[in-house]
Amino acid sequence: MFSSTGVCCDGGLVTADSLRHTGKQLYSCILCGKYCPSRIALCQHMNIHMGKYKCAECGKCYKSNSALAEHERSHSGDKRFACRVCSKRFATSGRLVVHSRIHIVDKPYKCRMCGRVFSQSGNLNTHMRVHTDDKPYKCSLCDKSFSQSCNLKVHERRAHSCRRPYQCPDCGMLFKTNFQRKQHVSVHTGAKPYACRHCSERFTWPAQLKRHLLQSHNEGSWLICFICQKKFSCSSNLKEHVRRHDGVKLYICAECPKHFYTANELRRRMTLHLNDITTQF
């Protein structure tokens with residue numbers, strides 16, 4: 001009657017099977033299918049879907065005001081929780097707990113399909129989608145779907161939004177994700193953290209290193225288009241290329257009827273619309 005991988009979001013989670021053996025009733029979320037061990041836990045979980053406790057900085061939603069307050073410290077830089085082993089500091093106690101398992105190699109959650117182990121039950125549940133190919137998080141603006149809600153949110157910001165909340169402290173340039181901002185900062189610092197193990201070459205981006213290994217050291221495997229045999233080092237570039245063969249334009253402009261092959265093409269179009277709007281004022 002219940003899925004053996006159902007998990008509640010309140011932190012004290014076990015599988016639905018193990019809860020059934022205790023004789024306790026499970027409460028299922030009608031929106032995402034997750035199971036909670038009590039009505040209170042289900043009500044708290046529903047706060048996430050309703051956006052009751054929403055971070056003003058990144059838009060992420062939480063089950064309670066205390067959980068939101070703990071998350072907001074990650075934006076403020078307040079890292080009050082220190083690891084006793086290595087002194088690394090964290091904004092939340094939960095992240096410290098997960099980090100601490102590195103030192104004691106505590107990974108109690110095991111995949112019943114492949115035997116891989118995880119330090120968090122949530123990571124195991126996400127991993128199980130590799131075996132089931134389940135992608136429950138669907139974009140409302142195109143036909144892409146994702147196995148994790150965080151990947152859907154990143155996609156929506158990159159492909160369908162003009163909002164750029166992350167600013168470079170050196171030049172003021174704005175970015176859609178904090179990861180993009182961090183990568184950009186290396187332009188100012190000149191840092192090249194990705195080193196080739198075969199020669200002295202270093203690179204700013206991991207994709208540059210991967211291509212270098214393929215071209216210069218024949219390490220790794222090229223991804224080849226089955227239609228024209230063109231070679232690619234990055235799977236996303238191959239997928240984009242195949243869409244052009246098929247004539248599939250996934251990215252839809254919210255301001256006009258135009259469709260585009262890539263997120264970059266859509267971004268350029270959205271920038272034109274934004275410029276048109278700003279010139280009117």
>> Out of the chymotrypsin sites (Phe, Trp or Tyr not before Pro) in region 203-253, which ones are loop residues according to DSSP with at most 14 other C-beta atoms within 10 Å?
In response: W222, F226
>> Using alpha carbons only, how many angstrom separate the centre of region 22-101 from the centre of region 182-246?
In response: 36 Å
> Using only the Cα atoms of the chain, what do you get for the radius of gyration and for Dmax, in Å?
Replying inline: 22.4, 65
> Expressed in nm², what is the orientationally averaged projection area of the convex hull enclosing the Cα positions of region 86-181?
Replying inline: 8.9 nm²
> Given the pairs K107/K153; K192/K231; K138/K192; K110/K182; K34/K60; K34/K107, which are separated by over 24 angstrom at their Cα positions?
Replying inline: K107/K153; K192/K231; K138/K192; K110/K182
> If the viscosity is 1.002 mPa s and the temperature 20 °C, what translational diffusion coefficient in µm²/s does Stokes-Einstein give for region 79-134 when Rh comes from Kirkwood over Cα pairs?
Replying inline: 172 µm²/s
> Restricting attention to region 235-274, which GluC sites (Glu not before Pro) occupy a DSSP loop and are surrounded by at most 14 other Cβ atoms within 10 Å?
Replying inline: E255
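FYI, it's all coordinate maths here, none of it is from the lab. Small disclaimer: the values here were computed from a predicted structure and weren't measured. When we count neighbours, we look across all protein chains shown, and the Cβ atoms used for this are built from the backbone with ideal geometry, even at glycine.
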